[in-house]
Amino acid sequence: MKQITSNFIKLNNISVKKYISDKHLESCFQTKTRCVALTCIDYLYGLILLSIGKI
């Protein structure tokens, strides 16, 4: 498994928002009343930052 580092993220231009958009996953984060995709993106970004020790 490849180590996730800040350089890896920068070099590979990793974007959770772009990934969700490209894979058309917005509907996975939709309820009857609202879309929580942005909350998901923030959460996943936080996990990535934690995994590389930036927080």
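Things to note:
- Pair list, Cβ < 7 Å and 6+ apart or interchain, from segment 35-55 residues that are among the β-branched types (Val, Ile, Thr) to residues that are in a helix (DSSP H, G or I) and modelled with pLDDT under 80: 41/16; 41/17; 41/20; 48/9; 52/6; 55/49
- Top-ranked residue in segment 16-38 [being of a type in the set (Val, Ile, Thr) and either assigned to a helix (DSSP H, G or I) or in contact with a Leu (Cβ under 7 Å, 6 or more places away or on another chain) (or both); ranked as nearest to residue 49 (Cα to Cα)]: 16
The values are calculated or read from the model by the stated rules, or taken from the named source; none is laboratory data. Only a predicted model underlies this, so the values are computations on that prediction, with no experimental measurement involved. Every residue, glycine as well, gets a Cβ built from its backbone with ideal geometry; the counts of neighbours run over all protein chains shown.
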